[in-house]
Each structure stands twice: as C-alpha cells, then as structure tokens.
C-alpha cells in the first residue's frame with residue numbers, strides 16, 4: 001500500500017488520528033510527500049509501480065485534482081483502477097462529482113468501500129470476514 005500527502009509543509013500534515021488508523025489497518029509500504037498532484041509523478045511511486053501489480057484501489061482528498069490526476073495517469077499506463085467513491089472527497093460537492101465523472105470516463109471503475117472490502121475478503125467466513133462485518137454494521 002502507498003499513502004501520500006500533498007505538500008505537507010504548506011498545507012499541513014495528515015491528521016494524526018487518520019495516520020494512526022491507517023497504520024493500524026494496513027501500514028503503507030511507501031509514504032509519499034509530494035508536490036505533484038498525481039502520485040504517479042513521484043520517483044518513489046515509480047518504484048512502487050515496479051512490483052508488477054496491475055490492479056489498484058485509489059481514494060483520497062480533492063477528488064477532482066489529486067485523485068483524478070493519479071487515476072488518469074495509472075489508467076494511461078494500462079493499469080486497472082477501482083475508485084471507491086465514498087472514500088473520496090472534495091471541498092465542494094460539484095468538484096467531487098466532476099472528479100468521479102472524469103475518472104469513470106478514463107476507464108476507472110467507480111465502486112464503494114464496502115464493495116472493495118468484501119471483494120478483498122472473498123468469503124463469508126474467517127477472521128477477516130468477521131472483523132469486516134463488525135465494521136460495516
């Protein structure tokens with residue numbers, strides 16, 4: 001997993017509570033501080049892409065800027081991208097809608113967080129399934 005922060009020196013760092021939750025659930029293998037809107041433009045992300053993975057789940061803030069530009073660049077590289085739209089946001093609802101529409105037009109798959117999570121778990125049994133059902137109830 002890869003997590004990024006857009007210009008933390010100027011915009012501020014990710015909220016500690018969010019960072020801690022992310023580290024508990026799925027610790028990032030890469031943490032990127034970036035100035036480029038697209039994660040794909042950072043050298044460290046290029047290394048992350050080199051692992052051969054072809055399918056990605058992308059979410060984040062400023063759906064119409066950073067999320068969109070990252071998704072557009074990934075799709076242009078031939079990668080399959082799923083975007084849980086309930087895990088993306090923009091300061092204005094209209095910008096969020098524009099970002100979701102633009103990503104769908106590039107070929108990304110709009111989805112939901114719950115859909116993605118159950119798809120990753122695959123079966124209605126086991127500890128991961130039980131933990132997930134507690135979260136979504």
Summing -39500 (n - 2.57) over the DSSP H runs of n ≥ 4 in the chain and dividing by its residue number, what mean residue ellipticity at 222 nm do you reach, to the nearest 500 deg cm²/dmol? -13500 deg cm²/dmol
Could you work out how far helix 93-106 tilts from the main Cα principal axis of the chain, as a 0 to 90 degree angle to the nearest 10? 90 degrees
Relative packing of peptides 64-75, 91-102 - highest average C-beta neighbours within 10 Å first: 64-75, 91-102
What is the gain in length, in nm to one decimal, between residue 136 and residue 9 on full extension, counting 0.36 nm per residue of separation less the C-alpha to C-alpha distance? 42.2 nm
Could you tell me how many cubic angstrom of Cα convex hull volume the range 2-112 has per residue? 100 Å³
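Values in this text are rule-based calculations from the coordinates and carry no lab data. The model shown is predicted, which means the values in this text are computed figures rather than measured ones. Backbone-built Cβ (ideal geometry, glycine too); neighbour counts: all protein chains shown.
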